[in-house]
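This report concerns only the one structure given below.
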Amino acid sequence: MDENITTYRGVRIDDTAEWRLVIYISEVGMSAYLKNIENPLEPVAILFEEQWQRDETSLLHNIETAVYDHPQLLDDFSTEIVICSPRAMWVPEERAVDYEEQADLYNKVYKAEEGDIFCDTFSGMSCLYTLTPGLAAFMRRTLSGARVSCHLSVLARRFISRGSEMPRIYADIREGEVDFVVLDDRRMLLSSTQRWHDKMDIAYHIFNIMDVYGLDPKNTQVSLSGERDVKQSLVKTLREQISYVMLTMMPSAVSKTEMPITAAIALSR
């Protein structure tokens with residue numbers, strides 16, 4: 001793709017208090033969705049969808065331009081922002097109680113200034129992540145009332161809340177990347193993003209996870225979501241060796257709009 005692609009649909013809003021706004025930001029694009037929380041039967045509205053080339057030097061500029069080009073984002077909505085970060089890590093909550101500790105831990109694995117690091121905390125765990133320098137400061141200036149979450153913590157919160165008697169591996173497949181959340185009942189064993197080029201790369205990651213954590217293929221549930229053709233093909237492949245392989249139950253907005261599962265989860269919170 002040589003040029004940026006933008007789809008914009010203006011949405012008429014009479015009372016912003018009746019709507020929830022979700023903004024999804026990644027290295028390669030940005031989108032925004034509106035849901036009427038007073039009328040759950042009203043379809044999710046796609047405010048805009050924009051794609052761009054992966055380029056660290058222009059990423060912040062692309063995000064800033066998208067916000068200013070769509071001033072409806074700055075209206076007084078209840079706003080959730082999901083950041084799809086390729087550089088996320090998990091640490092015990094007690095090890096990341098202040099900004100200095102967060103930066104010290106994060107910079108043992110990645111490189112970022114203290115003010116650029118986001119932190120999500122729940123269930124005794126903290127997810128530290130960044131996307132691009134200057135993004136946190138920009139959000140504080142323009143979207144200060146929004147709740148910001150890493151895509152991995154959105155997935156983890158959702159799947160932990162379900163509970164199960166058997167270990168579970170959730171894999172959400174995106175173009176070139178797959179997000180894993182691995183649980184033993186409500187205890188998270190792993191939450192990470194891996195790259196893939198062929199569907200068998202994903203299968204390899206799943207079997208490697210089972211080997212590392214000692215999970216029995218006869219007593220482990222594997223749930224797949226994301227890219228339709230890839231997950232459908234993987235179900236058949238994995239069922240040859242794993243007893244419980246299925247498609248993840250999705251929020252209805254995913255099938256109706258093809259929005260990212262993490263954006264749909266954030267809409268339904």
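The values are calculated or read from the model by the stated rules, or taken from the named source; none is laboratory data. Just so it is clear, the model here is predicted, and its values are computed rather than measured. Here the Cβ positions follow ideal geometry from the backbone for every residue, glycine too, while neighbour counts run over all protein chains shown. Note: accessible area is taken over every heavy atom of the protein model, side chains too, but ligands, DNA and RNA are not part of it. Shrake-Rupley method; radii C 1.70, N 1.55, O 1.52, S 1.80 Å.
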*Which of (1) within 26 Å of residue 223 (Cβ to Cβ); (2) assigned to a helix (DSSP H, G or I); (3) touching an Asp or Glu at 6+ places or on another chain (Cβ under 8 Å) does residue 157 not meet, given it meets every other one?*
(3)
*Name the one entry in 192, 161 that is open to solvent by 40 Å² or more (accessible area, probe 1.4 Å) and of a type in the set (Gly, Ala, Ser).*
161
*asked:* Restricting to segment 213-227, count the residues that are within 24 Å of the chain's Cα centre (by Cα) and loosely packed, with under 12 Cβ neighbours inside 10 Å.
replied: 0
*Taking residue 38, is it charged (D, E, K, R), touching a helix residue (DSSP H, G or I) at 6+ places or on another chain (Cβ under 6 Å), open to solvent by 70 Å² or more (accessible area, probe 1.4 Å) and modelled with pLDDT of 85 or more?*
yes
*Might you check whether a residue that is aliphatic (A, V, I, L, M) and part of a strand (DSSP E or B) occurs anywhere in segment 190-201?*
yes
*Of the residues in segment 71-87, how many are at pLDDT 95 or above and in contact with an Asp or Glu (Cβ under 9 Å, 6 or more places away or on another chain)?*
2
_Here is a check on your reading of the model: is residue 259 in a loop (DSSP other than H, G, I, E, B), closer than 26 Å to residue 24 by Cβ and open to solvent by 10 Å² or more (accessible area, probe 1.4 Å)?_
no
